[in-house]
Every structure is written in C-alpha cells, then in structure tokens.
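The next block holds one structure in the form of structure tokens; read it before the comments.
The values are calculated or read from the model by the stated rules, or taken from the named source; none is laboratory data. Because the structure is predicted, anything quoted here is derived from the model rather than measured. Note that each Cβ is placed from the backbone with ideal geometry, even for glycine, and that neighbours are counted across all protein chains shown. These area figures cover heavy atoms from the full protein model, side chains too; ligands, DNA and RNA do not enter into them. Shrake-Rupley method; radii C 1.70, N 1.55, O 1.52, S 1.80 Å.
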Amino acid sequence: MHSKGKDSFDDAESQSSWDKNAALYAEKFLDPALFKTGYDALLSRLPKEARVLDAACGPGIMAHYFLQHRPDLRIIGIDYALAMVEQAKQLVPAAQFEQGDLRALPVPAQPYHAIVCGFGLPYLSGAEVREFLRYCRTNLVANGQLYLSIVVEPGGETGFRTGSTGDRVWFNNHEPVALRSDLENEGFQITDTWTLHPDAGNVRYEIKICIV
C-alpha cells in the first residue's frame, strides 16, 4: 500500500538537504550505467524534436544523457530545490530548467511526448502520486511515454532517511503493487519494468515505462 506519511515538500530539513547536496548528487549519479537500458528504450520511442518534461529533474542527470544521445529533444526540467535547478543549468545548458513543484506543475502550451520522473515519487504522499499521474495522463500526447523510477524498501517505514553526509530527507515508501494499480486506474499501460539492485542490501530500484 502507499505510505500515509506527511508531505516532505513542506519540510524545511528536507529542502535544506536537497540544496546543500546538489553538486554531490550530480557527481554521484552522473554515470548512466545502471539506468542505460531504460533510458535507451525510452529514447528509441520518441519522435524527432519530441517535447519532454523532466519532473523532479534534480541536477539534470537524465536530461544530460538524453541530449547527448538525442540532441533534437526539447527538454524542460522542473525541480523543487533551487540549487538543483542551478546545477542542472550548468550541466545541461541546451535544456530549459526552472524551479517548480510536482504538486502544481504548469499546463504546457502543447502536450508532451514524454514525461520522466526519476526518483521523485518518494517525496509525494499516495494521494499526491495519484494527482501527479492524473496530470501526466492529461498532458501527454496520445501514446505518450511516461518513465518512472522509484526506490523500494520492502517493509520499510515512511520517515526521514539519513544520507552519507548526515543530512536527512523525508521519504514516502511506495509499494510497486500500489503504483501499478494507480497507473492502471489512470489509463496507463505498463510496457516495460526493470528491477535494479544498486548494492547488496534489500533496497531495490524499479523502473517503469508506460504509455497512455
């Protein structure tokens, strides 16, 4: 089931941690090796000059890879942390980045061909995840692509997580079964799923590509 945790976006400690560690995050996760299969699968399905929303873009890691391999793409990245946005602008000057909130994303002048959200969902409550999926369905073209990645902690509790620097962020632990149900309820068809194990622990990453 989805977590019933509080909303981390309103938590000052989480916000401070994101801003403080933007450069470190970019350095740690810039290597695409772990996620390359999913990235390439998505890119192979996008038309020329596709419009892409990078929701919770962080320091621009996905946009950096995408434009290296598909420089024709038109990417807009949005992140809640201003330091992440500034880091993304430096890393990927060919894309457009701005500060924003996953709970109140702007309606585009034209629908997107793809929306990607790399590890942004753990910062939303279950109800907010459903609202985000509804936004995606409404603002994607027919047969548009939705790429999602989540952290899965089997049996994990919602609450603060402490990183290697000692800084904490609030984390909502969403179970894949609940996410699948929410996607299907919004009319998404899951076309691909990958399960990745970043280390020897029980934490795993789940990657999903869907069409609407």
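General remarks:
- Stretched out straight at 0.36 nm per residue, the stretch from residue 127 to residue 94 would grow longer than its current Cα-Cα span by 8.5 nm.
- Full-stretch length increase - residue 104, residue 142 - with 0.36 nm per residue and alpha-carbon distance subtracted: 11.5 nm
- Value of [θ]222 nm, deg cm²/dmol, for the chain, DSSP H segments ≥ 4, -39500 (n - 2.57) each, nearest 500: -9000 deg cm²/dmol
- Top positive-direction residue, dipole computed over the range 44-86 with Cβ charges, set 46, 82, 59: 46
- Neighbourhood charge, 9 Å Cβ-Cβ cut-off, centred on residue 209 and excluding it, Lys, Arg +1 and Asp, Glu -1: +1
- Amide H contacts of residue 97 (H built 1.01 Å from N, in plane; Pro and chain starts excluded): 77 sit under 5 Å, all sequence-distant by 5 or more or on other chains.
- Nonpolar atom fraction for the range 85-144, defined as the carbon and sulfur part of the 1.4 Å probe accessible area, stands at 48 percent.
- Å² per residue, accessible surface of the chain at 1.4 Å: 46 Å²
- Spatially close Lys pairs in the chain, defined by Cα atoms under 17 Å apart and a spacing of eight or more places or different chains, total 4.
- Hydrodynamic radius of the range 18-99 per Kirkwood, over alpha carbon pairs, in Å: 12.6 Å
- Placing pseudo-labels 7 Å out from each Cα toward the beta carbon at residue 40 and residue 178 gives an inter-label distance of 3.4 nm.
- With every protein chain in place, the range 148-212: carbon and sulfur % of accessible area (1.4 Å): 48 percent
- For the chain, size of Cβ-based charge dipole, Lys and Arg +1, Asp and Glu -1, in debye: 480 debye
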